[in-house]
Amino acid sequence: MLYEEMIDKQRIPTHVAIIMDGNGRWAESHGLERPEGHAAGVKTVRRIVEDAVRLGIRYLTLYTFSTENWKRPDKEIKILMNLLLQNIEEEIFMKNNVRFRVIGDMERIPALVRGRIKACIKATENNTRSDLIIALSYSSRWEITRAARLIAEDVRSGLIKAEDISEELISSRLETSFMPDPDLMIRTGGEMRLSNYMMWQASYSELYFTDVFWPDFDREELCKAIYSYQQRERRYGMTSAQVTESK
């Protein structure tokens with residue numbers, strides 16, 4: 001039986017975050033160069049966005065390029081940025097009523113890519129069915145450090161007092177303040193770590209790891225991850241009895 005037939009369509013996670021890993025290893029396993037793996041990964045993004053919309057996922061966040069990825073060879077970075085430039089197309093978002101958003105340090109992104117991103121964000125800002133968020137030049141440590149600086153500036157300027165600092169205030173200064181924390185975080189490619197991705201937000205996310213390389217990740221694999229998520233009890237520090245009583 002297909003996992004898509006097994007999942008409860010009434011309990012789809014609101015926010016799914018994905019660490020898209022394995023493009024390079026997928027290419028190597030097929031006797032291809034790494035750029036061909038990245039190109040195949042882009043095709044998977046297109047498919048998964050449409051699959052997520054059809055399944056009713058409200059927010060889909062994709063870890064596209066980390067701040068650590070700037071350490072990669074210049075040639076590979078240039079290829080990745082060109083792929084972004086070529087594949088940020090409004091058509092797929094408009095067709096699916098998807099709003100496009102970006103989190104990360106945009107100042108480090110090449111001007112042409114940054115301009116294309118801003119144009120797509122503007123063109124899709126009124127779409128309402130789902131949000132696709134790409135984490136670009138992003139890392140949790142960068143994000144939390146930035147939030148701390150913003151709060152420190154507010155304290156210094158007298159807008160808030162140190163004792164006003166709370167979890168809610170910190171969350172409001174994060175790049176992700178416009179959306180709920182991930183319910184489900186998926187990592188493809190066989191690695192089992194968060195790699196500096198949404199560490200504040202993932203405090204109570206359900207984690208799902210798969211050996212499948214990102215270019216081979218498809219609708220059925222997404223449904224398999226959702227099925228796994230639906231088999232779990234989310235207690236948020238409470239006991240099972242407390243969770244049952246609160247329903």
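The values are calculated or read from the model by the stated rules, or taken from the named source; none is laboratory data. Not measured: the values here are computed from a predicted model. All Cβ positions, glycine included, derive from the backbone under ideal geometry; neighbour counts span all protein chains shown. Ligands, DNA and RNA are stripped out before the accessible areas are found, and what is left, the full protein with its side chains, is counted by its heavy atoms. Shrake-Rupley method; radii C 1.70, N 1.55, O 1.52, S 1.80 Å.
Under 5 Å from the amide H of TYR197 lie the amide H atoms of SER140, each residue being 5 or more positions distant or on a separate chain, with H modelled from the backbone and absent for Pro and chain starts. Amide H to amide H, with H built 1.01 Å from N, ARG99 comes under 5 Å of ARG129, SER130, ASP131, LEU132, counting only residues 5 or more places away or on other chains. Candidate cross-link partners of LYS95 among the aspartates and glutamates, defined by an alpha-carbon separation under 15 Å and a same-chain spacing of 8 or more, comprise GLU50, ASP51, GLU125, ASP131. For the stretch 153-220, the set of trypsin sites (Lys or Arg not before Pro) satisfying both a DSSP loop assignment and a count of at most 15 other C-beta atoms within 10 Å is given as LYS161, ARG193. Using alpha-carbon positions, what is the distance between the centroids of the stretch 151-170 and the stretch 7-50, in Å? The stretch 151-170 and the stretch 7-50 have Cα centres spaced 39 Å from each other. Put the Cα centre of the stretch 63-77 next to the Cα centre of the stretch 88-105 and the gap is 22 Å. For the chain, the solvent-accessible area of protein heavy atoms averages 53 Å² per residue (probe radius 1.4 Å; ligands and nucleic acids excluded). Summed over qualifying helices (DSSP H, 4 residues or more, each -39500 (n - 2.57)) and divided by its residue number, the chain shows a 222 nm mean residue ellipticity of -13000 deg cm²/dmol. So if a site counts as exposed when it's one of the chymotrypsin sites (Phe, Trp or Tyr not before Pro), its DSSP state isn't H, G, I, E or B, and it has at most 16 other Cβ atoms within 10 Å, what's the longest stretch of the chain without one? The reported range is 1-177. Each listed q (0.09, 0.10, 0.11, 0.13 Å⁻¹) maps to a log10 I(q)/I(0) for the chain from the Debye sum over equal C-alpha point scatterers, namely -0.42, -0.52, -0.63, -0.88.
Computed from phi, the 3J(HN,Hα) profile of the stretch 163-170 under the Karplus parametrisation 6.51, -1.76, 1.60 (θ = phi - 60°) reads 6, 7, 5, 9, 4, 5, 5, 4 Hz, with x in place of Gly and Pro. Residues in the stretch 118-130 carry Karplus couplings, in order, of 4, 5, 5, 4, 5, 5, 10, 5, 9, 6, 10, 6, 8 Hz; the curve used is 6.51 cos²θ - 1.76 cosθ + 1.60 with θ = phi - 60°, and Gly or Pro positions show x.
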